[in-house]
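Student: Mind having a look at this structure? Questions to follow.
The values are calculated or read from the model by the stated rules, or taken from the named source; none is laboratory data. Keep in mind it's a predicted model, so treat the numbers as computed, not measured. Every residue, glycine as well, gets a Cβ built from its backbone with ideal geometry; the counts of neighbours run over all protein chains shown. Areas reflect the complete protein model, heavy atoms only, side chains present, ligands, DNA and RNA absent. Shrake-Rupley method; radii C 1.70, N 1.55, O 1.52, S 1.80 Å.
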Amino acid sequence: MPPGPPVPTLQQLSLFDEAPPPAARPPGATLPSPVPVQAASQMPPPPLSWAHPRSQREIVLGGHRVGYALRRSRRRSIGFVVGAEGLAVSAPRWVGLGDIESALQEKAAWILRKLHEQHEQARRLQAARVDWRDGTGIPFLGETVVLVLDPRATGAVLHTGAQALPGVPRLTLHLGLPQAAAPEQIRDCVQSWLQRQARRVFEERCAVFAPRLGVRMRRLALSSAATRWGSASADGSIRLNWRLIHFALPVIDYVVTHELAHLREMNHGPAFWEVVRSALPGYAQARGALRHEVLPVFD
């Protein structure tokens, strides 16, 4: 940054001295007009840039620089995909670059919104990566449980602090591991404990909601699916994702009710949602939490 104009010397004041009186103004003198200062909250956001790792072209959309991957294909129209890597464009071989960029400008608002959403999702996922060490917090049934490496413990033991201070987690999970335990050891120990708790809680909640729905669950299995929270089969089998144990009980109850309801209605039609509502009238709020929550990343 280049140096600015000379700074006038100011009279230094002690913390306990009184400030000198303001200098008298000559008769008829007027105060200079104040220079308006734009509030920080009103300042426009700085321009951002996104670049697909295989980008060959670059365009400025709404003041933001966007590098995109262009693929020529036999399709009849121009297509846009905004994913975790960025913007990818597919276009027919006969369409010129000018037409492609005109189409991008027409969709600029949608493209920028999707790029921003992907950026925020990546940021949240990065923040959700677990640092597997003593003192780390893990969500469990909607609360935070703090990991404690305790060689005296056998396996994993949950301690509940009924007198915890406000803002201080009341749950600690004592792991029978030395302080020098490797992150992978801590992760595996915690994951095994969470899966055991998941089976226990899921079985209890299924026993509550199956009679309400008038169905019989014949088998419960845990799932590790990346994109599904649960599934149901016509033979009475239910599969529930063990990662649901991170959520508060109302969210778990919604997924349990959802899958049990499929034992009566193997579809997602109006009759199915009436079955869900009959057992869980406030399911919509829990359903929303399930969609927007970011869970810890186990790696």
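Student: Mind putting together the pair-distance distribution for segment 247-299? All Cα pairs, 10 Å bins, whole percent per bin, short to long.
Tutor: 25, 48, 21, 6, 0
Student: While we're here: Restricting to segment 116-226, compute how many DSSP beta bridges are antiparallel as a %, nearest 5. If you can, show how the numbers build up before the last one.
Tutor: Details: 9 of 14 bridges.
Rounded to the nearest five, the antiparallel share is 65 percent.
Student: Hey, what's the Cα Rg ratio for segment 90-164 versus the globular rule of thumb, 2.2 N^0.38 Å? Each step should come with its number before you reach the end.
Tutor: On the way: Rg = 24.4 Å, N = 75, 2.2 N^0.38 = 11.3 Å.
This ratio for segment 90-164 stands at 2.15.
Student: Which log10 I(q)/I(0) values does segment 172-216 give at q = 0.15, 0.17, 0.21, 0.24 Å⁻¹ under the Debye formula, counting every alpha carbon as one identical point scatterer?
Tutor: For segment 172-216 at q = 0.15, 0.17, 0.21, 0.24 Å⁻¹, log10 I(q)/I(0) is -0.53, -0.59, -0.72, -0.83.
Student: Something else: Which value in Å does the Kirkwood hydrodynamic radius of segment 68-209 take, with 1/r averaged over all unlike C-alpha pairs and then inverted?
Tutor: Details: mean 1/r = 0.0511 Å⁻¹.
After inverting the pairwise mean of 1/r, the radius is 19.6 Å.
Student: Please state, as a whole number in µm²/s, the translational diffusion coefficient that the Stokes-Einstein equation yields for segment 160-299 at 10 °C and 1.306 mPa s, with Rh defined as the Kirkwood radius across alpha carbon pairs. Could you put the intermediate results ahead of the total?
Tutor: Values: Rh = 16.7 Å.
Translational D for this selection: 95 µm²/s.
Student: Starting from 0.36 nm per residue, how many nanometres of slack lie between Q197 and R219 once their C-alpha separation is accounted for? Working shown, then result.
Tutor: Working: separation 22, 0.36 × 22 = 7.92 nm, distance 1.72 nm.
Full-extension gain reported as 6.2 nm.
Student: Can you list the residues, at least 5 places off or on another chain, whose amide H is less than 5 Å from the amide H of A51, using H built in the peptide plane?
Tutor: Amide H neighbours of A51, under 5 Å, 5+ apart: G67.
Student: If I take R0 = 51 Å and measure r between the Cβ atoms of Q179 and H116 in this structure, what FRET efficiency does the formula 1/(1 + (r/R0)^6) give, to the nearest 0.05?
Tutor: On the way: r = 42 Å, r/R0 = 0.82.
With R0 = 51 Å, the Cβ-Cβ based efficiency is 0.75.
Student: Counting only DSSP beta bridges with both residues in segment 206-299, tell me the antiparallel percent, nearest 5.
Tutor: On the way: 3 of 8 bridges.
If I count the DSSP bridges inside segment 206-299, around 40 percent turn out antiparallel.
Student: On the protein heavy atoms, probe 1.4 angstrom, tell me the percent of accessible surface of segment 60-143 carried by carbon and sulfur. Could you put the intermediate results ahead of the total?
Tutor: On the way: 2420 of 4990 Å².
It is 49 percent, rounded to a whole number.
Student: In Å, what Kirkwood hydrodynamic radius results for segment 205-288 from the alpha-carbon pair distances? Display every interim value, and only then the final one.
Tutor: Numbers: mean 1/r = 0.0789 Å⁻¹.
Its Kirkwood hydrodynamic radius stands at 12.7 Å.
Student: With all pairs of different alpha carbon atoms counted, what Kirkwood hydrodynamic radius in Å does segment 173-249 show?
Tutor: On the way: mean 1/r = 0.0708 Å⁻¹.
After inverting the pairwise mean of 1/r, the radius is 14.1 Å.
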